[in-house]
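Here is the structure we will look at, set down as structure tokens.
All of the numbers you see were taken from the coordinates with simple rules; none came from a lab. All values reported here derive from a predicted model rather than from experimental measurement. Here the Cβ positions follow ideal geometry from the backbone for every residue, glycine too, while neighbour counts run over all protein chains shown.
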Amino acid sequence: MNNPPISSRAASSPTANVAIGLNAVLATVDGGSPKVLCVQTGEDALGLPYGPFDPKRHRTFEIGMREWVERQTNISLGFIEQLYTFGDKGREAPAAALDGGAEGDRIISVGYLALTPAPDDTLAKDATWRDWYSFFPWEDWRGGEPNILRKRIFPELSKWIDRAKSSTARDERLSRINTAFGLGGFGWEEERTLDRYELLYEASLVFEALRDRKTTKSNTLQSGTRQTGAPMLSDHRRILATAIGRLRGKLKYRPIIFDMMGSTFTLLQLQHTIEAIVGFEFHKQNFRRSVEKSGFIENTGETTGQSGGRPAALFRIHRDGLKDRAAAGLAIPRMRRDMTADIN
């Protein structure tokens, strides 16, 4: 991504500088699709919204994040939390440009997760909302096991295991794959989004791996990596994977899902929103009983005005219940996985 010039830098040597940038993962659920705000560039790839930290104007990173996102997109952020600080050498490949910088300059990106109830119109140039499963198609189990796992990912990961230079390395690769993808008796854990992406990166099964390693590969192979999800600029897909895993896990111990709901909603809308995020479906009646006992919602006494069929009861957030149980989340079941065979 051709990141904007960054003025906040600290000299680490006469020839190298460190710059601080802020990356935002702004997520919502729209029509049953989990979406993230992206920015299109002239490089035929999407990136996350990005802005510089200005130490002269911003007392904290979060203040800087809120200010430039709201100014750029006209979206006022609600829930926001820091994800991680991404600063590994080479992580910004292809290298993000520093204004007047030199080779060896380093960009430290502070990633943030922000939530919104709806994909509001944005004023940002070339900004677009994208379904996050277009970047991670193997993560969406709502329609059953994703075809891409059996048809492409597992066969290629099996070859990657065979390419290991020793039996120890081979066993290590197999163990990591089983743990990440829930194979070999392990259950699928939706929070392991980053683990799965990083394995595919290491095995050169995503486009960014070929790009960052500057490997000369056939057009067929490069096309194949694009089948494993749309590429993103720099390491933005890694940042997005980190955000998805964090959000999925946090649903279980914080009531943050209500930062993604409107003022009123049906229980089915709430269920579909959570299912879109975690990537698999729940048992309807069990979910209803769990939510109604949670103390997070209350019945408005009104129903939807839909024609045909039975009108659905409308609920709203129970503010006192939310306050009393701010350190609690929703009971989310483990995904029931029907796997007929393991990878190796």
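Mind checking the full-extension length gain between Thr168 and Gln40? Use 0.36 nm per residue of separation minus the Cα-Cα distance, one decimal, nm. Write down the numbers at each step before the final one.
Values: separation 128, 0.36 × 128 = 46.08 nm, distance 4.27 nm.
This chain segment gains 41.8 nm when fully extended.
For Arg325, Arg152, which order do you get if you count the other beta carbons within 10 Å of each Cβ and list the fewest first? Each step should come with its number before you reach the end.
Working: Arg325 15, Arg152 18.
By the 10 Å Cβ count, ascending, the order reads Arg325, Arg152.
Would you tally the net charge around Glu302, using a Cβ to Cβ cut-off of less than 15 Å, leaving Glu302 out, and scoring K and R as +1, D and E as -1?
Details: positive: Arg310, Arg316; negative: Glu298.
Residues near Glu302 contribute +1 overall.
Which far-off residues, 5 or more places away or on another chain, put their amide H under 5 Å from the one on Lys35, with H placed in the peptide plane?
Here Thr28, Val29, Asp30, Trp132 satisfy the definition.
Counting alpha carbon pairs within less than 8 Å and at least 6 residues apart, what relative contact order, in whole percent, applies to region 253-324? Numbers along the way, then the final one.
Numbers: 68 pairs, mean separation 25.0, N = 72.
Relative contact order comes out at 35 percent.
Under the rule of at least 5 residues apart or a separate chain, name every residue whose amide H is placed under 5 Å from the amide H of Ile297.
His318
What number, in percent, do you get for the relative contact order of region 138-229 if the mean sequence gap of Cα pairs under 8 Å and at least 6 apart is divided by its residue count? Could the numbers behind the result be given before it?
On the way: 60 pairs, mean separation 19.5, N = 92.
Computed value for region 138-229: 21 percent relative contact order.
Which of Lys151/Lys214; Lys35/Lys252; Lys165/Lys252 have a Cα-Cα distance over 32 Å? Could the numbers behind the result be given before it?
Details: Lys151/Lys214 26 Å; Lys35/Lys252 20 Å; Lys165/Lys252 40 Å.
Too far apart for the 32 Å limit: Lys165/Lys252.
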